[in-house]
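Taking it in order: structure first as structure tokens, then the write-up.
The values are calculated or read from the model by the stated rules, or taken from the named source; none is laboratory data. No experiment lies behind these values; they were computed from the predicted model shown. All Cβ positions, even for glycine, are placed from backbone atoms using ideal geometry, and neighbour counts span all protein chains on display.
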Amino acid sequence: MRALIIGVGQCGTKIADLFALVDFEALAINTSRGDLDYLKHIPHERRILIGEGLTGGKGVNANPLLGREAMKRDLPMVMRKIGSIIGYEDIDVFFLTFGFGGGTGAGGTPVLAEALKEEYPDSLVVAIGALPLREEGIRPTINAAITIDKLSKIADSIIAIDNNKLKESGDDITKAYERINYTIVERIASLLALVDVPGEQTLDASDLKFVLKAFGSFATIGYAKADANKVKSLSRLIMKSFENEGLYLDANIESALYGLVAIHGPPELLKATEIFEALDYLTNKIRGKQIFRGFYPDPREREVEVVTLLSGIYESKSIEEIVLTAKRYAQSFMKAKKEAEAKKKKLLSGLPDFDDIYPGDGE
Ligand SMILES: Nc1nc2c(ncn2[C@@H]2O[C@H](COP(=O)(O)OP(=O)(O)OP(=O)(O)O)[C@@H](O)[C@H]2O)c(=O)[nH]1
């Protein structure tokens, strides 16, 4: 299983940088030179500044039109770089990380996703994006809604993380961002580490690709971990992994089509009855009724870890709120614009030109 992580914009490159820390192949793309310099783990030759002629390397200030243009102008350079990283061995999944509310990530990610789909049709493109906080105002919400629409037509799955869910922790925002970024990386890294591990009932790359190939709908990753000696009920721990607070997205998991559950821990704890109780529950709960599973008994392990991926989700309060708010705003903005234009027309109609008032004076 080979994955390439590509971060776009500040939020996206910070997340990609954490993936690089845990040894994933990662690339950073941004319109801001300062933000690229700030990264710690992605090697310098894998940091690409785009749109320099457009922005002078200073970012696009939440303007997705500029983010889109920057990516379009420098797409040949970006694709060459990606090609040189890939070499001769195929990529199974491109994970594109970004913030839905900014300009570089929101504008540039769909352009890149489309180019990757065209050039690498056998690889999946999975978008991993952070949804804006309500308090950030209307522009990030609009950027997010339009980008959701665009990516839903290009990407195989969209893993959305709702930043609003983090605030509930009471942390300050920088800490909350750090925590969610770490969480995203921990969950995806744990999942990818378990794919292709040899064993009887394990997951392989084709299982993961099947689950993520979900026609641009939403996916979410749940996680639960506990000390082996503290686990009273394994089935309870498995269920905890796909409860709402474990998923960072307000979503109706019953609307999911596919699921994938990976369980890793000491063999004496991975009891078949408990595992099947939880998996039966999940299979009956989701609409698509298809659950892939992998068991990873490991005698050296003192912790039990459960990673749950649910995909094909199309009912999510987090997403609906953003899309409906953006639509309401767009309608009232268009109405206000139309009214302003009509008023301007009415007020100014009937005015003569200079020649009517000053006949002959200009000759
Ligand atoms: N989860 C998470 N969200 C973040 C982080 N940084 C920013 N965001 C969110 O991402 C959005 C802003 O995206 P950025 O990545 O900062 O913007 P950008 O894509 O670089 O675009 P410009 O700054 O406009 O050039 C906001 O909605 C923030 O809430 C982060 O580290 N983690």
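What to note about this one:
- Residue match in region 183-202 (condition: buried (at least 18 other Cβ atoms within 10 Å of the Cβ), at pLDDT 95 or above, at negative phi and of a type outside the set (A, V, I, L, M, F, W, C)): no
- Residue pairs whose Cβ atoms lie under 7 Å apart, sitting 6 or more positions apart in sequence or on different chains, and linking a residue in region 65-86 that is surrounded by fewer than 17 Cβ atoms within 10 Å (Cβ to Cβ) to a partner that is of a type in the set (D, E, K, R), are MET79/GLU119; ILE85/GLU25.
- When THR109 is tested against (1) in contact with a helix residue (DSSP H, G or I) (Cβ under 9 Å, 6 or more places away or on another chain); (2) surrounded by fewer than 24 Cβ atoms within 10 Å (Cβ to Cβ), exactly one condition is not met: (2).
- Region 1-19 - residue that is in contact with a helix residue (DSSP H, G or I) (Cβ under 7 Å, 6 or more places away or on another chain) and more than 10 Å from the ligand (Cβ to nearest atom) and, of those, farthest from LEU54 (Cα to Cα): MET1
- For region 210-230, the set of residues classified as in contact with a strand residue (DSSP E or B) (Cβ under 6 Å, 6 or more places away or on another chain) and either in the same structural domain as PRO121 (by TED's automatic domain parsing) or buried (at least 18 other Cβ atoms within 10 Å of the Cβ) (or both) consists of VAL211, LEU212, ALA214, SER217, PHE218, ALA219, THR220, ILE221, GLY222, TYR223, ALA224, ALA226, listed by residue number.
- Of all residues in region 127-140, exactly one satisfies the criterion of being surrounded by fewer than 24 Cβ atoms within 10 Å (Cβ to Cβ) and β-branched (Val, Ile, Thr), namely ILE138.
- Identity of the residue in region 161-196, part of a loop (DSSP other than H, G, I, E, B) and in contact with an Asp or Glu (Cβ under 9 Å, 6 or more places away or on another chain), that ends up nearest to ILE253 (Cα to Cα): GLU168
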